[in-house]
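Only one structure is covered here, and it is reproduced in the block below.
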Amino acid sequence: MHRSSEVKHLASDFNTRACECFGQPPVQPFESHCPVLTDRTVRVQLKVLKVKDGSVFFIRVKPDRTGVVTDGVKHSMNPFCEIAVEEAVKLKEKKLVKEVVAVSCGPQQVQETIRTALAMGADRGIHVEVSGKDYETLGPLQVSKIFAALAKKEQADLIILGKQAIDDDCNQTGQMTAALLDWPQGTFASEVTLEADKLKVVREIDGGLETIKINLPAVVTADLRLNTPRYATLPNIMKAKKKKITNVKPADLGVDVSSRLEVLKVDEPPQRQSGVKVETVHDLVEKLKEAGRI
Amino acid sequence: MVLSCSVCDVIVLPFICIFKARRCIRALKAVRAEHVAPQVYSTRWSSSTVPRITTHYTVYPRDKDPRWEGMEMERFADEADVVIVGGGPAGLSAAIRLKQLANQHEKELRVCVVEKASQIGAHTLSGACLEPTALNELIPDWKERGAPLNTPVTEDKFAILTEKYRIPVPILPGLPMNNHGNYLVRLGHFVRWLGEQAEELGVELYPGYAAAEVLFHEDGSVKGIATNDVGIGKDGSPKDVFERGMELHAKVTLFGEGCHGHLAKQLYKQFNLRENCEPQTYAIGLKELWVIDEKKWRPGRTEHSVGWPLNRNTYGGSFLYHLNEGEPLVALGFVVGLDYTNPYLSPFREFQRWKHHPSIMSTLEGGNRIAYGARALNEGGFQSIPKLTFPGGMLIGCSPGFMNVPKIKGTHTAMKSGMLAAETAFSKITDENLQSETAGLYIPEYKEALEKSWIWKELYAVRNIRPSFHNYFGLYGGMLYTGIFYWFLRGKEPWTLKHNGLDSAQLKPAKDCAPIEYPKPDGKISFDLLSSVALSGTNHEHDQPPHLTLKDDSVPVAQNLAIYDGPEQRFCPAGVYEYVPLETGDGMRLQINAQNCVHCKTCDIKDPSQNINWVVPEGSGGPAYNGM
């Protein structure tokens with residue numbers, strides 16, 4: 001939908017966009033996409049992303065202006081990914097899906113996020129190791145290539161991702177993955193029903209709700225109203241320690257993670273100027289004229 | 001005593017049941033329909049109705065609550081050898097020491113640490129100037145292991161401030177506030193590093209899970225703890241995602257909750273641990289991190305001040321540390337003793353006002369504030385140490401309180417207490433011939449070990465410094481006492497001065513005190529409360545019962561507001577308490593913004609009616625400090 005403008009914004013007006021959406025300063029893409037693979041009879045591939053926690057309001061731009069400070073800042077699973085995990089686990093509980101695999105791309109720390117997904121009910125995890133410079137420039141295109149490769153390798157039937165990451169708000173990975181795999185996509189899903197070999201997806205669109213029927217295998221991206229994610233309780237976290245997480249490198253999947261985008265500059269949003277109160281309409285017109293607006 | 005009527009959610013007094021059935025059922029229906037806190041009114045024998053504030057199950061038990069009928073209340077349980085409550089310096093040092101001993105003696109030991117913060121170090125706040133004595137004992141090769149002690153103290157300055165001037169006071173060697181050999185640290189990062197060391201040794205760390213309940217064996221000894229339940233709505237009813245917490249059973253449980261822990265509060269009552277000691281006295285510490293102009297930055301410089309803006313009878317002072325962590329960072333803060341008497345005093349605003357002193361402003365001008373937080377700290381010292389061991393458990397760290405007040409350091413003693421607890425617990429647990437009278441192990445050797453250690457000597461030597469402030473000359477009397485008795489006698493004087501009693505009992509009625517005129521924040525050096533709270537990154541799941549529970553919902557307006565003009569509006573560093581006009585006409589009600597809470601515990605300490613009981617909210621809620 002807004003693909004071209006989103007790609008453009010990645011390289012330039014980072015801050016403003018994110019501020020508009022969530023009222024928070026933006027953050028460098030800190031993606032650890034974790035698709036859920038589902039088996040024929042559906043294997044769900046979950047994308048689980050580790051992002052800066054949505055309640056941390058103060059994000060600082062790095063002194064060298066290449067990004068934002070992430071060290072020590074509280075991180076947690078991307079809220080839309082939590083919804084995706086919950087949906088996959090619900091499908092498994094309804095016995096419509098055989099296996100739920102949680103995947104995340106990133107450095108060692110994303111293992112925690114995968115464990116949370118395992119504690120919520122995923123069966124096993126895949127950690128795609130990307131660290132250092134590669135991780136800082138990891139974007140939707142590279143991630144979707146990784147997912148596409150994994151989906152083929154694991155023979156997944158359904159990929160569920162969060163619709164977007166709250167740090168970069170790209171909203172691209174799901175769509176790109178579907179395109180690379182040539183699979184149908186049901187994005188912004190607020191309801192997902194499996195009917196025989198087809199998937200009925202109710203999508204949240206600007207005009208209201210749109211219901212589509214797509215063939216499996218397919219890609220679904222989760223929107224806010226899809227479900228309420230369960231808590232990862234302590235006994236489940238303990239059990240999750242015994243579940244398997246396999247490590248994979250992008251090179252093993254034949255994916256080149258080098259970025260085609262270069263971040264030129266990251267700036268803080270301009271300080272909000274205080275408004276001016278005027279007494280009469282006459283004053284208002286004068287002020288507008290002064291400011292050169294009329 | 002109040003009972004809760006089992007048919008409707010109405011508080012009834014014994015022998016009088018004011019039974020508004022239809023209103024209750026309507027309210028219950030509204031509650032079920034949408035988990036929005038209903039204005040359920042509790043009618044009392046007095047004519048006014050009080051809006052219901054508290055919905056927590058610790059005040060309104062669930063077994064009498066019809067909304068909880070039929071809910072699955074079984075808990076999953078697991079066994080460990082030692083469970084440690086609190087992943088701070090004391091808890092983590094204890095965990096590390098236990099595992100070191102286990103590896104040394106080739107024994108298997110399961111050690112679990114539960115911590116309410118979402119990550120280790122996120123609820124840690126301190127100055128801090130660390131004395132590395134305990135660390136040198138615990139992990140001698142800390143430098144090679146990358147401990148974040150990057151700033152040795154290079155300059156040590158102490159001054160008395162007046163409104164415009166700064167009177168330097170020489171710090172003679174031998175005075176407790178001499179900092180030679182110490183390090184300025186970001187304690188949150190240090191605690192995070194300790195957590196990594198613990199994990200490497202095989203300690204099971206569970207951040208994001210708060211210990212909400214102490215469990216007891218039938219013989220009364222401590223069996224372990226239970227973590228918090230999740231999925232309870234704001235009105236106290238269960239949500240779809242309700243899940244019970246988990247029980248962790250242990251042979252011995254170490255409680256390291258930090259200053260004024262909520263489980264420790266229960267244990268004091270249960271085992272009568274405070275019968276032979278003085279009540280603990282406290283202070284509140286507020287802290288900010290600033291990135292300053294490089295030209296003003298002097299890494300390793302340690303500055304402390306007393307005096308302005310506090311008057312001589314209000315204990316408190318400031319700190320300003322220049323950190324060496326790559327960028328020109330300073331950690332600065334203000335401490336106010338919670339035995340202050342004027343209910344109009346606002347520790348937060350004193351802090352903001354202090355920053356405008358010419359000597360401080362010169363450092364901060366041109367800089368940027370990047371973090372804010374607050375926490376209560378102990379000031380009772382030696383006189384206030386309670387009984388530390390009880391069957392099944394031990395108290396470690398700032399929870400019982402080992403802070404050296406004149407040095408303003410408590411981290412090294414907290415760590416040492418954790419280590420001693422670990423050592424004594426280890427020998428007891430691995431003793432094959434042990435005959436324990438109780439199911440939970442009773443380890444009095446811990447107290448004996450403490451008494452033989454340097455903690456005891458240190459705290460004994462400085463025991464009279466803080467109480468020496470309780471005289472007509474206040475601050476100056478105290479400094480005189482320190483100069484004469486401590487410097488010459490090092491605490492060997494044969495008497496032990498007493499504290500003044502409970503901090504909560506010190507407030508004078510509002511009519512006897514003058515309101516304080518605080519300057520408006522200028523947005524560059526001083527700031528308003530709400531923007532500061534936003535910087536702490538604090539957040540809680542909004543749909544849960546407020547964790548600042550009131551034993552009696554009518555007391556805030558009837559007593560705190562009426563007699564003391566609502567001091568909680570002023571001493572809370574996060575703006576949790578607000579008195580707002582009632583929607584139905586005149587009168588005020590207390591509004592609790594539980595989401596803002598930074599877990600400092602000041603309200604539980606200073607509430608003059610002792611009506612506020614801080615309990616732990618759902619795990620992972622609270623501030624998100626980064627290296628505070």
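The values are calculated or read from the model by the stated rules, or taken from the named source; none is laboratory data. Model, not experiment: these values are computed from the prediction. All Cβ positions, glycine included, derive from the backbone under ideal geometry; neighbour counts span all protein chains shown. What goes into the accessible areas is simple: the full protein's heavy atoms, side chains included, and nothing from ligands, DNA or RNA. Shrake-Rupley method; radii C 1.70, N 1.55, O 1.52, S 1.80 Å.
The number of residues in the stretch B:61-79 being over 20 Å from A:LEU234 (Cβ atoms), part of a loop (DSSP other than H, G, I, E, B) and open to solvent by 40 Å² or more (accessible area, probe 1.4 Å) comes to 3. Determine if the stretch B:459-472 includes at least one residue that is polar (S, T, N, Q) and surrounded by fewer than 17 Cβ atoms within 10 Å (Cβ to Cβ). Checked against the condition, which is being polar (S, T, N, Q) and surrounded by fewer than 17 Cβ atoms within 10 Å (Cβ to Cβ), the stretch B:459-472 yields at least one hit. Determine whether A:GLY125 is closer than 26 Å to B:PRO207 by Cα, buried (at least 23 other Cβ atoms within 10 Å of the Cβ) and touching a Phe, Trp or Tyr at 6+ places or on another chain (Cβ under 6 Å). In short, no. Taking the criterion of being in a strand (DSSP E or B), closer than 29 Å to B:LEU561 by Cα and either open to solvent by 30 Å² or more (accessible area, probe 1.4 Å) or in contact with a Phe, Trp or Tyr (Cβ under 9 Å, 6 or more places away or on another chain) (or both), would at least one residue in the stretch B:299-314 satisfy it? No, the stretch B:299-314 contains no residue that is in a strand (DSSP E or B), closer than 29 Å to B:LEU561 by Cα and either open to solvent by 30 Å² or more (accessible area, probe 1.4 Å) or in contact with a Phe, Trp or Tyr (Cβ under 9 Å, 6 or more places away or on another chain) (or both). Take the conditions (1) over 19 Å from B:ARG52 (Cβ atoms); (2) away from chain A (no Cβ under 14 Å); (3) open to solvent by 10 Å² or more (accessible area, probe 1.4 Å); B:PRO581 misses just one of them, which is (1). State whether the residues of the stretch A:82-95 include one that is over 30 Å from A:PRO235 (Cα atoms) and open to solvent by less than 10 Å² (accessible area, probe 1.4 Å). No: zero hits. Can you pull out every residue in the stretch B:493-518 that is open to solvent by 70 Å² or more (accessible area, probe 1.4 Å) and more than 23 Å from B:THR281 (Cα to Cα)? Listed by number, the residues that qualify are B:LYS511, B:ASP512, B:PRO515, B:GLU517. Of the strands (runs of 3 or more DSSP E) lying entirely inside the stretch B:105-173, those containing at least 2 residues that are under 28 Å from B:TYR209 (Cα atoms) are B:111-115. Just wondering, is there one or more residues in the stretch B:151-168 that are open to solvent by less than 10 Å² (accessible area, probe 1.4 Å), under 27 Å from the mean Cα position of the chain (by Cα) and within 14 Å of another protein chain (Cβ to nearest Cβ)? No; the residues of the stretch B:151-168 include none that is open to solvent by less than 10 Å² (accessible area, probe 1.4 Å), under 27 Å from the mean Cα position of the chain (by Cα) and within 14 Å of another protein chain (Cβ to nearest Cβ).
Considering the stretch A:61-112, the residues that are of a type in the set (Gly, Ala, Ser) and over 15 Å from the mean Cα position of the chain (by Cα) include one that is modelled with the highest pLDDT, namely A:ALA88.
Yes/no matrix, rows are residues, columns are (1) away from chain A (no Cβ under 11 Å); (2) among the hydroxyl-bearing types (Ser, Thr, Tyr); (3) on the phi > 0 side of the Ramachandran plot; (4) open to solvent by less than 20 Å² (accessible area, probe 1.4 Å):
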| site | (1), (2), (3), (4) |
| --- | --- |
| B:GLU196 | yes, no, no, no |
| B:GLU200 | yes, no, no, no |
| B:VAL203 | yes, no, no, yes |
| B:TYR209 | no, yes, no, no |
| B:GLU218 | yes, no, no, no |
| B:GLU243 | no, no, no, no |
| B:GLU247 | no, no, no, no |
| B:LYS251 | yes, no, no, no |
| B:PHE255 | yes, no, no, yes |
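If the condition is being out of contact with any helix residue (DSSP H, G or I) (no Cβ under 6 Å at 6 or more places or on another chain) and in a loop (DSSP other than H, G, I, E, B), then the stretch A:281-294 contributes A:ALA291, A:GLY292, A:ARG293.
Of all residues in the stretch B:330-386, those being within 14 Å of chain A (Cβ to nearest Cβ) and over 21 Å from the mean Cα position of the chain (by Cα) number 4.
Listed by first and then second residue, the pairs linking a residue in the stretch B:600-628 that is more than 14 Å from every other protein chain (Cβ to nearest Cβ) to a residue that is among the aromatic types (Phe, Trp, Tyr) and open to solvent by 10 Å² or more (accessible area, probe 1.4 Å), with Cβ atoms under 9 Å apart and 6 or more places separating them unless they lie on different chains, are B:LYS601/B:TYR282; B:THR602/B:TYR282; B:ILE605/B:TYR282; B:LYS606/B:TYR282; B:PRO608/B:TYR564; B:SER609/B:TYR564. Contact annotation: residue pairs with Cβ atoms under 8 Å, 6 or more positions apart or on different chains, pairing a residue in the stretch B:452-465 that is over 11 Å from B:THR413 (Cβ atoms) with a partner that is surrounded by fewer than 22 Cβ atoms within 10 Å (Cβ to Cβ) and among the acidic types (Asp, Glu), are B:ASN464/B:GLU493. Applying the criterion of at least 2 residues that are within 24 Å of A:PRO217 (Cβ to Cβ) to the helices (runs of 4 or more DSSP H) found wholly in the stretch A:81-155 leaves A:110-120, A:140-154.
Evaluating A:LYS249 against the criteria (1) closer than 30 Å to A:ASP123 by Cβ; (2) of a type outside the set (A, V, I, L, M); (3) touching a Gly at 6+ places or on another chain (Cβ under 9 Å) leaves one unmet condition, (3).
Reported count of residues in the stretch B:319-336, each being touching a residue at least 60 places away in the same chain (Cβ under 8 Å) and either closer than 30 Å to B:LYS508 by Cα or part of a strand (DSSP E or B) (or both), is 8.
When the residues of the stretch B:222-241 are filtered to those that are within 14 Å of chain A (Cβ to nearest Cβ) and assigned to a loop (DSSP other than H, G, I, E, B), the one that is nearest to the chain's Cα centre (by Cα) is B:ASN228. Sub-9 Å Cβ pairs linking a first residue in the stretch B:243-267 that is free of Cβ contacts under 8 Å to residues at least 24 places away in the same chain to a second residue that is in a strand (DSSP E or B) and surrounded by 22 or more Cβ atoms within 10 Å (Cβ to Cβ), at least 6 apart or interchain, are B:GLU243/B:VAL230, ordered by first then second residue.
Considering only residues that are buried (at least 21 other Cβ atoms within 10 Å of the Cβ) and polar (S, T, N, Q), look in the stretch B:171-191 and name the one that is farthest from A:ASP71 (Cα to Cα). Among residues in the stretch B:171-191 that are buried (at least 21 other Cβ atoms within 10 Å of the Cβ) and polar (S, T, N, Q), the one farthest from A:ASP71 (Cα to Cα) is B:ASN179. I need a count of the residues in the stretch B:243-297 that are part of a helix (DSSP H, G or I) and of a type in the set (A, V, I, L, M). The number of residues fulfilling the criteria is 3.
Scanning the stretch B:175-194 for residues that are more than 14 Å from every other protein chain (Cβ to nearest Cβ) and of a type outside the set (A, V, I, L, M, F, W, C) yields B:PRO176, B:ASN178, B:ASN179, B:HIS180, B:GLY181, B:ASN182, B:TYR183.
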